[in-house]
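The values are calculated or read from the model by the stated rules, or taken from the named source; none is laboratory data. Predicted model only: the values in this text are computed from it and were never measured. Every residue, glycine as well, gets a Cβ built from its backbone with ideal geometry; the counts of neighbours run over all protein chains shown. Side chains are part of the model used for accessible areas, which takes the heavy atoms of the whole protein and leaves out ligands, DNA and RNA. Shrake-Rupley method; radii C 1.70, N 1.55, O 1.52, S 1.80 Å.
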Amino acid sequence: MTTSLPLNDLHLLDPIRSGQSLQTQLYQALSQRILDGRLQPGDRLPSSRLLAKDLGVARNTVLAVFEQLQAEGFIRHQPRSGTYVDPRLPAQSVTDAPKPAAHPRPPRPRPALPWLHRPGAAGREDQNRPFTPGLPDHHAFPLASWNRLMHQQESRTALLGYDSHQGYPPLRRAIADYLRQSRGVRCHPDQVIITAGAQQALSMIAELFLHAGDQVLIEDPGYRGARFALARPGVKLQPIPLADTVLDLDRLPTQTDAKLLYCTPTHQYPLGGILDISQRLRLLDWAARAGVWIIEDDYDSEFHFSNKPLPAMQGLIDDAPVLYVGSFSKTLFPALRLGYLVVPADLVDAFNQLKRIHTGETPLLLQAVTAAFIDQGQFARHLRRMRQHYHGKWQLLSEQIEQQLGGQFRTVAESAGMHLVLERDGDDQAWAYQLDKAGYGPLALSDYALAEPKRTGLVIGFANSSEAEIRAGIAELAKLNA
Ligand SMILES: Cc1ncc(COP(=O)(O)O)c(C=O)c1O
């Protein structure tokens, strides 16, 4: 028998607004909860004294209601024990067949964005499965060290209150140091804004920069999270195709009204190409001339296996027209929901206001743990270990592809990141479905297309797959031809 009951909203009883006595309202509220299953047979009700006190009504009012409910067989009083929903009532599940609406509902929202109302629009990438792209190896995360830091931080009362919307200052400082040293980003901690993953950073950029009628240029194929964030009502997304595996700079319009260009220059998502320094400088020059802000999504640069990754575009020149986006989803773990945005100093206030509207502060405890993890050198150590670990998996996957698939697919992969692409003409949705049935989560390359898909294949995440899963998954893929 349970005592935790869904009665919190009963305090809303109000005889003046409802035109009904308190007794009638309380009777209706309790009987309705029993009928619709929110109160289940055997649930214990609070004592009449407690309920009266909680609701601010006379105890006699509650006693009269209990009496009526008992007379009607809804509840039973058991001396020296308490008052219960009558256990002999048939169990009613709250999820039982839908009941007709008591009042006509306002209409469903009109789909301001078509994909919002598409069934299953959230996509299969929400599942943590072998070959699902974008997932780090959760089994290799140093949970014991993380938990120790969590334990140290969780008893700090200083972390229980409100803090800066922009983000916990020690974390902003740690990120700024890291980005300056590892990614060549030019930034002061005051330019760093902590977000709920890269996704919130992208949404805030869209909200600050875009109005109906505006245009955004976006790599195609490209990251769907960016497409979803930037596709605001009335905003036109203009796909810029790739030259094989990188953004095709020759296809950028010389004259454009576009406000933003989204790109992943250090490891094109999903095709993996890298814009070299001269291409980066050319892109920056184009953006300055065209009056377009570049969104540089630097989502997995920590994992380049053979060479150090090229420095971020943001830091290549003074006053680069770049909004730099990063995330801890790959370097730590996605459920942390921590990302960051580096913006020019004169945009910081506007982003802070927006952040206040979006979510207010980011959870302080997690920010403090992350800051300590970085400051104590554990972040750098973890990245070093994961770089090796993922390199090993990448090599194994490449070997398995070679051995088991021969030349059936074209492997599109730099020695970097957490995924690669197997490209080939054909029905990639059917291949993804086939692998899905076998318990693997690769995505169809055609799903990443903004315009009509021209390229097909499978995007395969390997970081979160064990060696056995990599071997067995590629064997599964080999069956596609059998
Ligand atoms: C291209 C790209 N950018 C950013 C992210 C990270 O997104 P978030 O920080 O919202 O988890 C991902 C994750 O898969 C990604 O693939």
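Quick rundown of the values:
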| quantity | calculated |
| --- | --- |
| Evaluation of L354 against (1) buried (at least 17 other Cβ atoms within 10 Å of the Cβ); (2) under 20 Å from Q153 (Cα atoms) (one fails), failing number | (2) |
| Those residues of region 50-59 which are open to solvent by 90 Å² or more (accessible area, probe 1.4 Å) and closer than 16 Å to L30 by Cα, in sequence order | L50, D54, R59 |
| Residue among I474, I460 that is assigned to a helix (DSSP H, G or I), modelled with pLDDT of 95 or more and not assigned by TED's automatic domain parsing to the domain that holds N307 | I474 |
| Residue in region 162-175 that is surrounded by fewer than 15 Cβ atoms within 10 Å (Cβ to Cβ) and touching a residue at least 40 places away in the same chain (Cβ under 8 Å) present | yes |
| Helices (runs of 4 or more DSSP H) enclosed by region 158-266 - at least 1 residues per element that are over 23 Å from the mean Cα position of the chain (by Cα) and within 16 Å of the ligand (Cβ to nearest atom) | 169-183 |
| Residues (within 16 Å of the ligand (Cβ to nearest atom) and either modelled with pLDDT under 95 or farther than 30 Å from T132 by Cβ (or both)) located in region 358-367 | H358, T359 |
| Matching residues, region 298-329, being within 17 Å of C187 (Cβ to Cβ) and either small (G, A, S) or not assigned by TED's automatic domain parsing to the domain that holds I194 (or both) | S301, A312, G315, A320, G326, S327 |
| Any chance F141 is touching a Gly at 6+ places or on another chain (Cβ under 9 Å), hydrophobic (A, V, I, L, M, F, W, C) and within 16 Å of the ligand (Cβ to nearest atom) | no |
| Qualifying residue in region 283-304 (condition: open to solvent by 60 Å² or more (accessible area, probe 1.4 Å) and touching a helix residue (DSSP H, G or I) at 6+ places or on another chain (Cβ under 6 Å)) | no |
